[in-house]
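Accompanying notes for the structure given below.
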Amino acid sequence: MIRVLFLAQLREQLGTAELHIHNDSVVSISTLKQYLVTNHSHWEPFIANSKLLVAVNHAYAKADVSIKSGDEIAFFPPVTGG
Amino acid sequence: MSFSIAVQVHDFDVGHEYAALTANDTAAGAVVFFVGRVRDMNHARDVKSMSLEHYPGMTETVLQQILEEAKGRWELLAARIVHRVGELQVADQIVFVGVTSVHREHAFQAAEFLMDFLKTRAPFWKKEITSQGAIWVEENVKDVKATQRW
């Protein structure tokens, strides 16, 4: 099971905070994005946003990073703290 | 006191942080600290209050990494980052960054470095409550550019 979190404004845009995914075709950030858009077509503009940031197990990650069961993936907008 | 971070709902006390940063340290000839506060205007919108969200777990990890990087670049004796989350009012304190060093150059530079990277790496998000409703704060291009000098 892959745990997927949507944070801040993205959570409000998608209306979802967290998903649990059991799917063998989801093996990387890019295949995860494809899976999300295939299953929720109205999420496409938000998931395809080039400014969207991704973390795998609390570390920033790029699209080609591989993911596996047990991982925690978080999608979120550019950060604005400080 | 050495190198530490805190992510917390409650307010911090600058005097207490200063005392802790310098306690039992007779080598620290320079102390630099920065406090970020909630201001009443942003992009010509009047801000009533602010809600600060973060990503528990990753926030602490990133702040520790930023501290480690600063330690590697400058001769620091101690450093501290405190960042608040939750509901904040205008003029409330948001963030404290404090650094001590033998001489001021290292302390000044490290404090600026810590703030620049905190603003662009640490997973915090501000939502302003204004007279026009709730507005998520947009990424500031100036902040992204500021990290390029390091």
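Would you work out the charge dipole size for the stretch A:2-76 about its Cα centre, treating the Cβ of every Lys and Arg as +1 and the Cβ of every Asp and Glu as -1, and quote it to the nearest 20 debye? If you can, show how the numbers build up before the last one.
Details: 6 positive and 7 negative charges, 26 e Å.
Value, rounded to 20: 120 debye.
Go ahead and set up a Gaussian network model of chain B, Cα springs under 10 Å, then flag whichever of B:Val137, B:Val38, B:Val85 fluctuates most.
Of B:Val137, B:Val38, B:Val85, the Gaussian network model singles out B:Val137 as fluctuating most.
Taking the Cα centre of chain B as origin, sum charge times position over the Cβ atoms of Lys and Arg (+1) and Asp and Glu (-1), and report the length of that vector in debye to the nearest 20. All intermediate terms of the calculation are to be shown ahead of the outcome.
Working: 16 positive and 20 negative charges, 61 e Å.
It works out to roughly 300 debye.
Let a ≥ b ≥ c be the square roots of the eigenvalues of the Cα gyration tensor of the stretch B:1-136; is it rounded (a/c under 1.5), or, if not, prolate (a/b larger than b/c) or oblate? It would help to have the intermediate numbers written out before the result.
On the way: a/c = 2.20, a/b = 1.92, b/c = 1.15.
Note, shape of the stretch B:1-136 comes out prolate.
Please report the antiparallel percentage of the DSSP beta bridges confined to the stretch B:2-147, to the nearest 5.
Working: 32 of 38 bridges.
Approximately 85 percent, going by the DSSP bridge assignments.
Given the rule -39500 (n - 2.57) for each run of at least 4 DSSP H residues, summed and divided by the residues of the protein assembly as shown, what is its mean residue ellipticity at 222 nm, to the nearest 500 deg cm²/dmol? Working shown, then result.
Working: 7 runs with 72 residues, N = 232.
Here the helix-only value at 222 nm equals -9000 deg cm²/dmol.
I'd like the mean, over residues of A:70-80, of how many other protein chain beta carbons sit within 10 Å of each residue's own Cβ.
Numbers: counts 0, 0, 2, 0, 4, 0, 5, 6, 8, 16, 17.
Other-chain Cβ atoms within 10 Å of each residue's Cβ, averaged: 5.
Quick one: if you stick a label point 7 Å off each Cα along the C-beta vector at B:Asp11 and A:Asp64, how many nm between them?
Label at B:Asp11, label at A:Asp64, 5.1 nm between them.
For B:Thr130, what charge total do you get from the other residues with a beta carbon under 14 Å from its beta carbon, if Lys and Arg give +1 and Asp and Glu give -1? Write out the running numbers ahead of the final one.
Numbers: positive: B:Arg39, B:Arg45, B:Lys48, B:Lys126, B:Lys127; negative: B:Asp40, B:Asp46, B:Glu128, B:Glu138.
Net of charged neighbours comes to +1.
Listed here are the pairs A:Lys62/B:Lys142; A:Lys68/B:Lys126; A:Lys62/B:Lys145; B:Lys71/B:Lys126; which of them are more than 25 Å apart at the Cα?
Working: A:Lys62/B:Lys142 23 Å; A:Lys68/B:Lys126 31 Å; A:Lys62/B:Lys145 21 Å; B:Lys71/B:Lys126 28 Å.
Where the Cα-Cα span goes over 25 Å, the pairs concerned are A:Lys68/B:Lys126; B:Lys71/B:Lys126.
Tally Lys/Arg at +1 and Asp/Glu at -1 over every other residue whose Cβ is under 11 Å from the Cβ of A:His58; what's the total? Write out the running numbers ahead of the final one.
Working: positive: none; negative: A:Asp71, A:Glu72, B:Glu60.
That sum, taken over residues with Cβ under 11 Å, equals -3.
Which residues' amide hydrogens lie under 5 Å from the amide hydrogen of B:Ala78, considering only partners 5 or more residues apart or on another chain, with H built in the peptide plane?
Excluding prolines and chain starts, which carry no amide H, the hits are B:Thr100.
Looking only at other chains, what is the average number of their beta-carbon atoms within 10 angstrom of each beta-carbon in B:116-122? Each step should come with its number before you reach the end.
Details: counts 1, 1, 3, 4, 5, 4, 4.
Averaged over the peptide's residues, the number is 3.
Let's test the formula: R0 of 25 Å, r as the Cβ-Cβ distance of A:Met1 and A:Leu52. What FRET efficiency results, to the nearest 0.05? Could you put the intermediate results ahead of the total?
Values: r = 22 Å, r/R0 = 0.90.
Taking R0 as 25 Å, the efficiency between A:Met1 and A:Leu52 is 0.65.
Rounded if a/c is under 1.5, else prolate if a/b is larger than b/c, else oblate: which is the stretch B:94-150, with a ≥ b ≥ c the root eigenvalues of its Cα gyration tensor? Intermediate values should be presented prior to the final figure.
Details: a/c = 3.49, a/b = 2.12, b/c = 1.64.
Judged from the Cα gyration tensor, the stretch B:94-150 comes out prolate (a/c at least 1.5, a/b above b/c).
Please figure out what share of the DSSP beta bridges in the stretch A:2-76 is antiparallel and state it in percent, rounded to the nearest 5. Intermediate results must be reported in sequence, preceding the final value.
Numbers: 11 of 15 bridges.
In the stretch A:2-76, DSSP labels about 75 percent of beta bridges as antiparallel.
Within 11 Å, Cβ to Cβ, of B:Val7, how many net charges do the neighbouring residues add up to if Lys/Arg are +1 and Asp/Glu are -1? Mind showing how you got there, number by number?
Working: positive: B:Arg84; negative: B:Glu60.
Charge balance near B:Val7 sits at 0.
Which shape class applies to the stretch A:2-76: rounded if a/c is under 1.5, otherwise prolate when a/b exceeds b/c and oblate if not, where a ≥ b ≥ c are the square roots of the Cα gyration tensor eigenvalues? Display every interim value, and only then the final one.
Numbers: a/c = 1.40, a/b = 1.24, b/c = 1.13.
Here the stretch A:2-76 falls in the rounded category.
When Cβ neighbours within 10 Å are restricted to other protein chains, what is their mean count per residue of peptide B:54-62? The partial results should precede the final answer.
Working: counts 4, 8, 1, 5, 10, 3, 1, 4, 6.
Taking all residues of B:54-62 together, the mean is 5.
Which whole number in µm²/s is D for the protein assembly as shown by Stokes-Einstein, with the Kirkwood Rh taken over Cα pairs at 20 °C and 1.002 mPa s?
Values: Rh = 19.1 Å.
Translational D for this selection: 112 µm²/s.
Please work out the Cα center distance from the stretch B:66-141 to the stretch A:2-77, rounded to the nearest Å.
One Cα centre to the other: 27 Å.
Amide H neighbours of B:Val47 under 5 Å, counting only residues 5+ apart in sequence or on other chains, H built in-plane at 1.01 Å?
The list, which skips near neighbours in sequence, is B:Met41, B:Asn42.
Under a point spin-label approximation (7 Å from Cα along Cα-to-Cβ), what is the A:His40-B:Glu138 distance to one decimal in nm?
2.5 nm
Read-outs: derived from the displayed coordinates by stated rules, not from any lab. Every value quoted in this text rests on a predicted model; they were computed, and no experiment measured them. So basically every Cβ, Gly included, is an ideal-geometry build from the backbone, and we count neighbours across all protein chains shown.
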